Amino acid sequence: MKIFRSKKTLHDYVERQKEMGKKIGFAPTMGALHRGHISLYEAAAKENDLVFSSIFVNPTQFNNAGDLEKYPRNIENDLKMLEESAFVDAVYIPEVSDLYPDGLKSKTYDFEGLENEMEGKFRPGHFDGVGTVVEELLRQVKPDNAYFGEKDFQQLAIIKKLVQKLQLPVKIHGVKIYREENGLAMSSRNERLSPDQRKAAKVIHETLLKVNDWFRVLTLPEINLRVKDIFEDQRGMVLEYFQIADENTLKETDFFYRGHDYRAFIVVFVNDVRLIDNIHLD
Ligand code: AMP
């Protein structure tokens with residue numbers, strides 16, 4: 001597996017591969033890798049000649065300095081995981097100046113309202129930070145296909161919009177949420193949970209499965225109330241938001257309209273660890 005620690009060496013390699021007509025698949029990460037990340041590379045390896053990873057903890061997408069500081073980092077372990085997976089051919093570990101030559105600041109994007117829903121409300125500036133880093137990474141790695149997890153479903157929608165608006169020559173693919181055995185969505189943040197908290201946090205996915213059963217049987221206010229009640233009974237957990245939204249607009253729905261796809265979104269704090277999950281409703 002090749003490792004590139006500068007934009008210049010990456011650029012030369014990418015250009016050579018492009019000249020040879022190699023199809024590149026890419027999935028960016030912030031490191032602290034787990035099996036969920038590897039599932040992106042597994043998908044990429046099926047459809048591309050070369051698979052690229054990147055590891056960069058992007059400061060501009062953190063609206064909370066403490067969260068950025070506590071974000072787990074373990075590059076040696078990450079490289080070992082990527083190597084052992086055998087799906088990844090090259091990994092880019094840029095310096096801040098490779099991605100932000102003019103200093104650490106975000107561009108401002110218009111994602112046609114997608115950025116104002118859910119995470120946009122609770123994490124101001126987050127999606128401008130994500131857009132800025134992903135746009136730059138896509139311009140540098142020049143993939144034919146890029147893979148993003150459905151765990152961050154709103155981010156996936158926003159990146160599709162970014163690529164469409166900027167007409168970047170890349171196809172964006174969503175990859176299903178990879179879960180721990182107890183159903184908890186895998187996340188780098190899970191490392192910050194104690195074993196007991198990790199067990200208890202399975203209630204998040206269990207709640208989403210219940211919501212899927214209640215969908216079309218109960219009314220929306222009834223579902224919202226039941227979800228609230230579940231988390232009021234969980235010690236050490238605080239429900240930040242729960243909402244059922246139209247999958248295309250990401251707007252909270254007031255009613256289930258025929259012919260629309262819906263998805264339930266949830267964010268729960270387990271002490272100070274912010275966990276996110278969602279489920280397609282069928
Ligand atoms: P992150 O390192 O958290 O920025 O995530 C990098 C990419 O991996 C994003 O596209 C995430 O949506 C994706 N990802 C993270 N966790 C999972 C998971 N459990 N299942 C599928 N994709 C994931």
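The values are calculated or read from the model by the stated rules, or taken from the named source; none is laboratory data. Given the structure is predicted, the values throughout are model-derived calculations rather than measurements. Glycine also receives a Cβ, built like all others from the backbone with ideal geometry; neighbour counts cover every protein chain displayed.
Could you give me the residue pairs with C-beta distances under 9 Å whose first residue belongs to region 54-78 and is at positive phi, whose second residue is β-branched (Val, Ile, Thr) wherever it lies, and which are 6+ apart or on separate chains?
none
Given the structure, is Ile24 modelled with pLDDT of 95 or more and in contact with a Phe, Trp or Tyr (Cβ under 7 Å, 6 or more places away or on another chain)?
The answer is yes for Ile24.
Which of (1) in the same structural domain as Ala264 (by TED's automatic domain parsing); (2) in contact (Cβ under 8 Å) with a residue 60 or more places away in the chain does Asp144 not meet, given it meets every other one?
(1)
If you go through region 24-42 one residue at a time, do you hit one that is part of a loop (DSSP other than H, G, I, E, B), away from the ligand (no atom under 11 Å from the Cβ) and either touching a residue at least 24 places away in the same chain (Cβ under 8 Å) or assigned by TED's automatic domain parsing to the domain that holds Val273 (or both)?
The answer is no, given that none of the residues of region 24-42 is part of a loop (DSSP other than H, G, I, E, B), away from the ligand (no atom under 11 Å from the Cβ) and either touching a residue at least 24 places away in the same chain (Cβ under 8 Å) or assigned by TED's automatic domain parsing to the domain that holds Val273 (or both).
When region 191-209 is examined, which residues are found to be modelled with pLDDT of 95 or more and either surrounded by fewer than 16 Cβ atoms within 10 Å (Cβ to Cβ) or not assigned by TED's automatic domain parsing to the domain that holds Glu252 (or both)?
The answer is Ser194, Pro195, Asp196, Lys199, Lys202, Glu206, Leu209.
Would you confirm, using the coordinates I've provided, whether Gly174 is among the small types (Gly, Ala, Ser) and in contact with a helix residue (DSSP H, G or I) (Cβ under 6 Å, 6 or more places away or on another chain)?
Yes.
Based on this model, can you work out whether Glu181 counts as outside any helix (DSSP H, G or I), among the acidic types (Asp, Glu) and within 24 Å of Leu114 (Cα to Cα)?
Criteria not met by Glu181.
Just the residues that are surrounded by 18 or more Cβ atoms within 10 Å (Cβ to Cβ) and within 13 Å of the ligand (Cβ to nearest atom), please, taken from region 161-173.
Answer for region 161-173, where residues must be surrounded by 18 or more Cβ atoms within 10 Å (Cβ to Cβ) and within 13 Å of the ligand (Cβ to nearest atom): just Ile172.
If the Cβ limit is 9 Å and pairs must be 6+ apart or interchain, which residue in region 249-268 that is more than 19 Å from Leu114 (Cβ to Cβ) pairs with which residue that is of a type in the set (S, T, N, Q) and surrounded by 14 or more Cβ atoms within 10 Å (Cβ to Cβ)?
So the pair list comes out as Val268/Thr207; Val268/Gln234.
Identify, from the list Val211, Val130, Val134, the residue that is under 20 Å from Asn248 (Cβ atoms), of a type in the set (Val, Ile, Thr) and within 13 Å of the ligand (Cβ to nearest atom).
Just one listed residue meets the conditions, Val130.
Which of (1) under 20 Å from Ile158 (Cβ atoms); (2) free of Cβ contacts under 8 Å to residues at least 24 places away in the same chain does Asn278 not meet, given it meets every other one?
(2)
I'm told Lys105 meets every condition in (1) assigned to a helix (DSSP H, G or I); (2) surrounded by fewer than 15 Cβ atoms within 10 Å (Cβ to Cβ); (3) not acidic (Asp, Glu) except one. Can you identify the failing condition by its number?
Of (1) assigned to a helix (DSSP H, G or I); (2) surrounded by fewer than 15 Cβ atoms within 10 Å (Cβ to Cβ); (3) not acidic (Asp, Glu), only one is false for Lys105: (1).
Say whether the condition of being assigned to a helix (DSSP H, G or I), under 13 Å from the mean Cα position of the chain (by Cα) and surrounded by fewer than 23 Cβ atoms within 10 Å (Cβ to Cβ) is met by at least one residue in region 137-146.
No, there is no match, as no residue in region 137-146 is assigned to a helix (DSSP H, G or I), under 13 Å from the mean Cα position of the chain (by Cα) and surrounded by fewer than 23 Cβ atoms within 10 Å (Cβ to Cβ).
Starting from region 105-116, keep only residues that are over 13 Å from Ile158 (Cα atoms), then list their pairs with residues that are of a type in the set (Ser, Thr, Tyr) whose Cβ atoms are within a distance under 7 Å, requiring at least 6 positions of separation or different chains.
Lys105/Thr60; Ser106/Thr60; Ser106/Thr132; Lys107/Thr132
Of the residues Phe148, Phe111, only one is of a type outside the set (D, E, K, R) and either away from the ligand (no atom under 13 Å from the Cβ) or under 19 Å from Val14 (Cβ atoms) (or both); which?
After applying the criteria, what remains is Phe111.
Among the residues of region 60-102, which ones are in a helix (DSSP H, G or I) and of a type in the set (A, V, I, L, M)?
Passing the criteria: Ala65, Leu68, Ile75, Leu79, Met81, Leu82, Val96, Leu99.
I'd like the full set of residues that are surrounded by fewer than 18 Cβ atoms within 10 Å (Cβ to Cβ) and over 28 Å from Leu184 (Cβ atoms), limited to region 18-47.
Lys18, Glu19, Met20, Gly21, Lys22, Lys23, Glu47
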